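Okay, structure first, notes after.
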Amino acid sequence: MTKFSDLALHSELLRAIEDQGYSSPTPIQEQVIPAMLDGRDVVGIAQTGTGKTAAFVLPLLHKHLNSPGGAGHKKCRALILAPTRELAAQIAESINAYGTHVHHSVTVIVGGVRPGAQVKALSAGVEIVVATPGRLEDLMSSGKFRLDRTQTVVLDEADQMLDLGFMPAIRRILGKLPPKHQTLLLSATMPKQIRSLASDFLNNPLEISVAPQSRPIERITQSVYFAEKPEKRNLLAKLLAGQDVKRAIVFTRTKHGANKVVQNLEKVGIKAAAIHGNKSQSQRVRTLDAFKNSQLNVLVATDIAARGIDIDDISHVINFEIPNIAETYVHRIGRTARAGKGGIAISLCDGSERKFLRGIEKLIGKSIPRENAPKDLLESISAIIDAPIVRNLAPENEPPKKKKKDKKKKKRPKNKHGVGKKYQGFGEGNNTKTASPKKPRPDRKHRPRRGKSTD
Ligand code: AMP
């Protein structure tokens, strides 16, 4: 078996790997690290959870240690492109963890925050830039950032960038690199647009595939419950209140759907928070931190916001709605069973979603075991205050007591669905009228979206 010490990495990087407690390289690390150190272009077919981040961060840091030197004003030596802000932040965290014993510099360039601090960080030049394509292009077109000294570029989760409509931006960005550079392209799946990107921009790449394409990790126990929309809420609450749920991500297809799930869970005493594209960057960071620190045990997320989130010990992934794209199911359930552990993935499927379920089963090549939902699901469930997921929360993390203002809300006239007046009109996809006008986010400017937004 290959050891990290066989990979010819700098001793201070090996020390950081030891700090992380890794005993041996994962298959993708075993193959990508030597190829990158050799200067080869690489196409890696790998899902999150395979150790792909260390596979490119370690050789990058090693190369910079071996040939020290600044990048030059407004320039970087290595560029990592990621589809979401969360993934970009997480990659930067990994760089800081693996580079903890060596001098290095990293800057995250993402939308959703004012660009001032990013422009300032770039002005002196930086070793590694981790960026989402929209904001990066903005800074490049205003002359605040240039790629003419960039030696290495990594495209992480390329298929997700394709789904988000970033492909034209990526092609423009890659077109601005100097003629001599190294490229690593990582993708969980290999649709033909990614293939043609690789053949247009990569030079005789080594192709590495570490997991059977689109197959969920074997360690995940999957099941599906058939329940119609109104039943799903109670079923979700009951599942989350189960004895063995320690930390769960609940997936919804839409941002509004995520908010509604949080409201419903909180009604029965289960603390939850949503993360999606309508939340500010600071809200997203706060929520993720609370989830990582176990102050929050249930995270409700849309696909894009959750993409690439690397949090250990997620015991359950629950698909409140079945994704309409089969590959998305594989990505979702991959949030659990990380770092060699097992996990449980439960899907709630209504009549309109059966066709999506069939597509998923075709993709993964097996049928997902059916479970029977409890019969009394439509009966309203009162607060689940005895559930471990509620009890486990420290007192200071319990939902804040309702203020007087909330009491008044109860008196509002209700419509036939029992919804208070203030919330009437907040039906699926109908919350835009009351939303305060928002300035367009700079990183969205270049994001033509395909289909319905789920960020
Ligand atoms: P990634 O696929 O980069 O998102 O990594 C998934 C998880 O695997 C992260 O929690 C890493 O800390 C962990 N990891 C990365 N490399 C190794 C390794 N060689 N041994 C054990 N865990 C690892």
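Below, the figures for the structure above:
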| item | result |
| --- | --- |
| The range 4-209 - Rg over Rh from alpha carbon coordinates, Kirkwood radius | 0.93 |
| Interchain or long-range residues, amide H under 5 Å from V300's placed H | V250, A273, A274, I275 |
| Overall Cα dimensions of the range 220-386, principal axis frame, Å, largest first | 38, 36, 30 |
| Loop-resident sites, the range 214-297, for trypsin sites (Lys or Arg not before Pro), counting at most 15 other Cβ within 10 Å (DSSP) | R219, K246 |
| Angstrom value of the Kirkwood radius, inverse mean 1/r, which spans all Cα pairs in the range 167-308 | 18.5 |
| Potential lengthening between N372 and S5 on full extension [0.36 nm per residue; Cα-Cα distance subtracted] | 127.1 nm |
| ³J(HN,Hα), Karplus 6.51/-1.76/1.60, whole Hz, each residue of the range 100-111, x for Gly, Pro | 4, 9, 10, 6, 7, 9, 9, 10, 9, 10, 9, x |
| Too-long pairs where the Cα-Cα distance tops 30 Å, listed order kept, from K120/K271; K63/K255; K52/K180; K229/K271; K192/K232; K255/K355 | K120/K271; K63/K255; K192/K232 |
| ³J(HN,Hα), Karplus 6.51/-1.76/1.60, whole Hz, each residue of the range 58-67, x for Gly, Pro | 4, x, 4, 4, 4, 5, 5, 5, 6, 9 |
| Difference of contour (0.36 nm per residue) and Cα-Cα distance, K229 to S123 | 33.0 nm |
| Residues in the range 104-131 that a label on H73 would reach, taking backbone N under 16 Å of a point 7 Å out along Cα→Cβ | 119-126 |
| Histogram of C-alpha separations across the range 103-250, 10 Å bin width, % | 8, 29, 25, 20, 14, 4 |
| Distant-in-sequence amide H partners of T189 (H built 1.01 Å from N, under 5 Å) | D159 |
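Where a number appears in this text, it was derived from the coordinates with a stated rule and is not lab data. Quantities reported herein were computed from a predicted structural model and do not represent experimental measurements. Positions of Cβ are backbone-derived with ideal geometry, glycine not excepted, and every protein chain shown enters the neighbour counts.
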